[in-house]
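Reading through the structure tokens given below for one structure.
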Amino acid sequence: MRATVKYRLIFLVLMLCCFALGVQLTPESLMSDADKLSLSIISALYFVLLPLCYWYCIIKIGGQKLWKMLVILSLSSLVARLSFPAEIAHYFEFIAWIRYPIIAVLLVIQLYLIVSVARGLLKVRKLKGDPRVGAVETYRDGDDKSLTLALIMASEATNWFYSIPWFSRNHPPAIANINLVSATRWHVWLMLIGYISASSLSYVLLASWSEWVAIIVSSIIAYTLMSMVANHRLARYYSLYLIRDNLVINNSLWGFMVINIADIASVDIQESTELNKDELETIIIGRGLSNITITLSRPVIYHGGMGQLPEPMKKVHLSVDEPQRFIKALNKSNISVAA
């Protein structure tokens, strides 16, 4: 597990524990000094500990933008507004009021971005291959926010594109396959059975309370089956391929890289070796020992979290099934290969 993913999970667990304990231990009123002390400690957890941990785990280690601190501060304020005693909770009433001007400003910005991104996506609608690749090509050197929104808009098309074989019939062939768990048959069947069970169980549990809610929740869960199929087909058949002037690396649907051929400094084929997963600007993709190393002349973004967690990478280690076939395909692109 890479350091950035590890720290995200650490923060997620810490946040859930802090909020769960805070809600359970928050006094209903401030009748005694013990109640005031308890509330002070909980406030310190919400507004000191969690923001500091968020800054370190997500912003510093994960390389995210500083403005994202607003996410944890807003979430802490919302939990405080809903759980703190009435005489304190009203100080967080601003959360209910300021959301309207913020939403209005964000809507204006988002509408502008949606229009510009939609126009950009229309330009690449006839290009072959993953719709996300066209989005990256269009906004690779542009605004990060536009690229993020473009990837969000392209994600639904990507699910349909890979889940139905007819849509991807003209997809560029793979030059090799990354050894991914999601490419195995047992994994996709296990996930499908799990999601069908979860959809059925949610309906049974919610039907007695509200049949409409039960139908909506179970339908949303069932709809993700398409994503599971797309995830499997992408990992099994299209994890590595060349399209136009790019090498596309798919770590299933979760993350991908679009590397311009000109940005590849060298490709090393080596005996399978254990690598340091915490090395900066380095990513390891594939289960088992890595046997291919791609060195880049400049940082290239790895779009993790289905495109919503961008990270710059200068070195990519891959565990592929046919390294020689991979090298042969890259040699045709005039890339320096070291054995």
When you scan segment 219-238, do you find a residue that is open to solvent by less than 40 Å² (accessible area, probe 1.4 Å) and closer than 24 Å to Lys332 by Cβ, even just one? yes
When segment 153-179 is examined, which residues are found to be surrounded by fewer than 19 Cβ atoms within 10 Å (Cβ to Cβ) and closer than 29 Å to Ser290 by Cβ? Ser155, Pro172, Pro173
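Only one of Arg298, Arg325 is touching a Lys or Arg at 6+ places or on another chain (Cβ under 8 Å) and not in a loop (DSSP other than H, G, I, E, B); which? Don't jump to the end; show me each part of the working.
Details: Arg325 fails: touching a Lys or Arg at 6+ places or on another chain (Cβ under 8 Å).
From the options Arg298, Arg325, the qualifying one is Arg298.
Please determine, by comparing only the residues of segment 167-201 that are among the aromatic types (Phe, Trp, Tyr) and free of Cβ contacts under 8 Å to residues at least 24 places away in the same chain, which one is farthest from Ser227 (Cα to Cα).
From segment 167-201, those among the aromatic types (Phe, Trp, Tyr) are 167, 186, 189, 195; that's our starting set.
Right, trim to free of Cβ contacts under 8 Å to residues at least 24 places away in the same chain and you get 167, 186, 189.
Working: Phe167: 15, Trp186: 16, Trp189: 13 Å.
Restricting to residues being among the aromatic types (Phe, Trp, Tyr) and free of Cβ contacts under 8 Å to residues at least 24 places away in the same chain, the top hit is Trp186.
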Given (1) outside any helix (DSSP H, G or I); (2) at pLDDT 85 or above, identify the lone condition not met by Glu28. (2)
Taking the residues in segment 274-293 that are in a loop (DSSP other than H, G, I, E, B), more than 17 Å from Leu180 (Cα to Cα) and not hydrophobic (A, V, I, L, M, F, W, C) as candidates, determine which candidate is modelled with the highest pLDDT. Glu281
Under 6 Å between Cβ atoms, which residue pairs at least 6 apart in sequence (or on different chains) link something in segment 293-308 that is in contact (Cβ under 8 Å) with a residue 12 or more places away in the chain with a partner that is among the basic types (Lys, Arg)? Thr295/Lys315; Leu296/Lys314; Pro299/Lys314
Anything in segment 62-83 that is among the hydrophobic types (A, V, I, L, M, F, W, C) and open to solvent by less than 30 Å² (accessible area, probe 1.4 Å)? List them, or say none. Ile72, Val79, Ala80
Regarding segment 263-271, can at least one residue be identified that is at pLDDT below 85 and either loosely packed, with under 15 Cβ neighbours inside 10 Å or not assigned by the TED database to the domain that holds Ser319 (or both)? yes
Is it the case that some residue within segment 150-159 is touching a Leu at 6+ places or on another chain (Cβ under 7 Å), of a type in the set (S, T, N, Q), outside the structural domain of Gly307 (by the TED database) and assigned to a helix (DSSP H, G or I)? no
Does segment 24-46 include one or more residues that are surrounded by 14 or more Cβ atoms within 10 Å (Cβ to Cβ) and within 21 Å of Gly305 (Cα to Cα)? no
For Ser210, only one of the following conditions fails: (1) farther than 19 Å from Leu330 by Cβ; (2) open to solvent by less than 40 Å² (accessible area, probe 1.4 Å); (3) modelled with pLDDT of 85 or more. What is its number? (3)
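The values are calculated or read from the model by the stated rules, or taken from the named source; none is laboratory data. The model shown is predicted, which means the values in this text are computed figures rather than measured ones. With ideal geometry, Cβ positions are generated from the backbone for all residues, glycine too; neighbour counts draw on all protein chains shown. Only protein heavy atoms, including side chains, enter the accessible area calculation; ligands, DNA and RNA are left aside. Shrake-Rupley method; radii C 1.70, N 1.55, O 1.52, S 1.80 Å.
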